[in-house]
1. Answer yes if at least one residue in segment 51-69 is open to solvent by less than 60 Å² (accessible area, probe 1.4 Å), over 23 Å from HIS95 (Cα atoms) and modelled with pLDDT of 95 or more, and no otherwise.
2. Let me confirm something: among ALA32, ALA47, ALA109, which residue is touching a helix residue (DSSP H, G or I) at 6+ places or on another chain (Cβ under 6 Å), surrounded by fewer than 17 Cβ atoms within 10 Å (Cβ to Cβ) and on the phi < 0 side of the Ramachandran plot?
3. With (1) more than 22 Å from ILE10 (Cβ to Cβ); (2) touching a strand residue (DSSP E or B) at 6+ places or on another chain (Cβ under 9 Å) as the list, and GLN54 as the residue in question, which single condition is left unmet?
4. Name the one entry in ARG145, ARG136 that is among the basic types (Lys, Arg), under 18 Å from the mean Cα position of the chain (by Cα) and over 22 Å from GLY94 (Cα atoms).
5. For residues that are out of contact with any strand residue (DSSP E or B) (no Cβ under 6 Å at 6 or more places or on another chain) and in a helix (DSSP H, G or I), scanning just segment 2-15, find the one that is least open to solvent (accessible area, probe 1.4 Å).
6. Looking at segment 124-156 only, could you name the residues that are surrounded by 10 or more Cβ atoms within 10 Å (Cβ to Cβ), among the hydrophobic types (A, V, I, L, M, F, W, C) and in a helix (DSSP H, G or I)?
7. Checking ALA98 against (1) surrounded by 15 or more Cβ atoms within 10 Å (Cβ to Cβ); (2) under 24 Å from ALA30 (Cα atoms), which single condition isn't satisfied?
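The values are calculated or read from the model by the stated rules, or taken from the named source; none is laboratory data. Note that this is a predicted model, so its numbers are computed, not measured. A quick note on method: Cβ atoms are made from the backbone with ideal geometry, for glycine too, and the neighbour counts reach across all protein chains shown. All accessible areas refer to the heavy atoms of the entire protein, side chains included, with ligands and DNA or RNA removed. Shrake-Rupley method; radii C 1.70, N 1.55, O 1.52, S 1.80 Å.
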Amino acid sequence: MIRKAVPSDIPVIHEMVRELAEYEKCLDEARATEEQLREALFGEHPAAFAHIAQDGSGEPVGFSLWFLNFSTWRGVHGIYLEDLYVRPEARGGGHGKALLTELARICVARGYERLEWSVLNWNTPSIAFYESLGARPQDEWTVYRLTDEALGRLGA
């Protein structure tokens with residue numbers, strides 16, 4: 001059901017990234033190109049990794065895209081899950097859980113002590129799913145982000 005992504009998956013990953021952005025009501029912010037994804041996942045120095053969820057016929061129905069983070073408190077790497085998406089017609093089939101299970105397995109096998117991600121506050125179906133697996137919100141933390149003009153001003 002779950003396999004590592006390969007370069008020929010780039011078009012379907014790109015398509016599902018856009019589907020996720022549309023679901024999250026932010027399609028206009030999804031500007032990544034297939035070439036950017038190819039470079040990040042399969043370039044000379046990959047900075048991100050992906051897994052594909054397949055249905056019984058081998059058709060891609062979901063994906064996870066993640067990268068390593070590091071905890072100075074724990075002294076070890078962890079995984080930050082950037083995207084987890086299962087197409088609506090495949091939801092409820094265990095693909096999302098299988099994708100998270102694979103990332104948890106990687107964490108355990110490599111000695112990583114955290115698997116983290118963000119979820120939109122209004123996305124109650126996903127929140128309920130994550131909490132059913134034992135995940136807990138980090139309510140005491142607020143995520144900040146610099147992009148576009150603000151990032152350019154600060155970095156100039």
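1. Yes: segment 51-69 contains one or more residues that are open to solvent by less than 60 Å² (accessible area, probe 1.4 Å), over 23 Å from HIS95 (Cα atoms) and modelled with pLDDT of 95 or more.
2. ALA47
3. Among (1) more than 22 Å from ILE10 (Cβ to Cβ); (2) touching a strand residue (DSSP E or B) at 6+ places or on another chain (Cβ under 9 Å), the lone unmet condition for GLN54 is (1).
4. ARG145
5. ILE10
6. ILE127, PHE129, ALA150, LEU151 - these are the residues of segment 124-156 that are surrounded by 10 or more Cβ atoms within 10 Å (Cβ to Cβ), among the hydrophobic types (A, V, I, L, M, F, W, C) and in a helix (DSSP H, G or I).
7. Going through (1) surrounded by 15 or more Cβ atoms within 10 Å (Cβ to Cβ); (2) under 24 Å from ALA30 (Cα atoms) one by one, ALA98 breaks only (2).
Quick grid of which residues meet (1) within 23 Å of TYR130 (Cβ to Cβ); (2) in contact (Cβ under 8 Å) with a residue 40 or more places away in the chain:
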| position | (1), (2) |
| --- | --- |
| ILE13 | yes, yes |
| CYS26 | yes, no |
| GLU29 | yes, no |
| ARG38 | no, no |
| GLN54 | yes, yes |
| GLU59 | no, no |
| PRO88 | yes, no |
| GLU102 | yes, yes |
